[in-house]
């Protein structure tokens, strides 16, 4: 079940069985969110503050992107002190959709190489 | 380059090199469009009239979904007489993003099986 709470410091997340492919694909259908996930994979297992990502968008837009990633089940967000940390839910995604995340990441790398992007 | 035209019977498509991962993921982030692509894969190599799909949406919504699939480069649409036919652009997608379409289709099947859907 969803972790519903009235405590603003505890953020709602879909449980593994509530994660939907459509939501995951939507979350990853944006260049900025793809970049976030790519950066997280490169530092896998780590917890990332939103501010750790160098993104070409405003802070409020960054917050929006992380919210989409959280609500779709792609990342887990938790507070440590006043800092919101992000963790890729690779275990959940791989259990539900084996190979999907890797193929999307490979496609991202292929496209970046093709278009001459970093 | 995009096949731009003023002839309303010839529909605009992105060329292979114009297809973007973000657009493909967006096109596939909808349950109806995923179902369309899944049905096309089951009858691969064939041309499908929009009316060949049994979808839980109106005709105008169906037209919209096929337009999203066409503009993202997932399907090719052409007129044969007064019928609009749809062909999955698997060659283009596989060339750009090897394994991506298969992994998304596998994820769709996994989710349907898990949720007890057809």
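Any read-out appearing in this document is the output of simple, stated calculations on the displayed coordinates, not a laboratory observation. Bear in mind that the values here come from a model prediction, so they are computed numbers and not experimental data. As a convention, Cβ positions derive from the backbone with ideal geometry for all residues, glycine included, and neighbour counts pool all protein chains shown.
When only alpha-carbon atoms count, how far does region A:11-110 stretch along each of its three principal axes, as whole angstroms with the largest first?
Largest first, region A:11-110 extends 34, 31, 22 Å along its Cα principal axes.
Hey, for residue B:58 with labels 7 Å out along Cα-Cβ, what do the inter-copy distances come to in nm, ordered shortest first?
3.5
Apply 1/(1 + (r/R0)^6) to the Cβ-Cβ distance of residue B:59 and residue B:102, taking R0 = 30 Å, and write down the FRET efficiency to the nearest 0.05.
On the way: r = 30 Å, r/R0 = 1.01.
Step by step, r from the Cβ atoms, then E = 0.50.
Counting only other chains, and only Cβ atoms inside 10 Å, what mean value do you get across the residues of B:98-106? List each step's numbers first, then the result.
On the way: counts 4, 7, 8, 2, 2, 10, 8, 0, 5.
Averaged over the peptide's residues, the number is 5.
Compute the angle between helix A:59-72 and the longest alpha-carbon principal axis of chain A, please, reported from 0 to 90 degrees and rounded to the nearest 10.
With rounding to tens, the tilt is 80 degrees.
Distances from residue A:31 to the same position in the other copies: list them in nm, one decimal, shortest first, using label points 7 Å from Cα along Cα→Cβ.
For residue A:31, the inter-copy label distances come out at 3.2 nm.
Using Cα springs under 10 Å in a Gaussian network model of chain A, which residue among A:14, A:98, A:56 shows the largest mean-square fluctuation?
Answer for the Gaussian network model of chain A: A:56.
Taking Cα centroids, how far is region A:70-93 from region B:7-79 in Å?
One Cα centre to the other: 33 Å.
Test of understanding: extend the Cα→C-beta vector of residue A:109 to 7 Å, then name every residue of region A:31-71 with backbone N under 18 Å from that spot.
A:34-46
Contact order normalised by length for chain B, with contacts defined as Cα pairs under 8 Å and 6 or more residues apart; what percent is it? Kindly include the intermediate steps, with their values, before the conclusion.
On the way: 119 pairs, mean separation 29.5, N = 118.
Over chain B, the number comes to 25 percent.
Using a 7 Å offset from Cα along the direction of the beta-carbon, what are the separations from residue B:12 to the same position in each other copy, nm, ascending?
3.9
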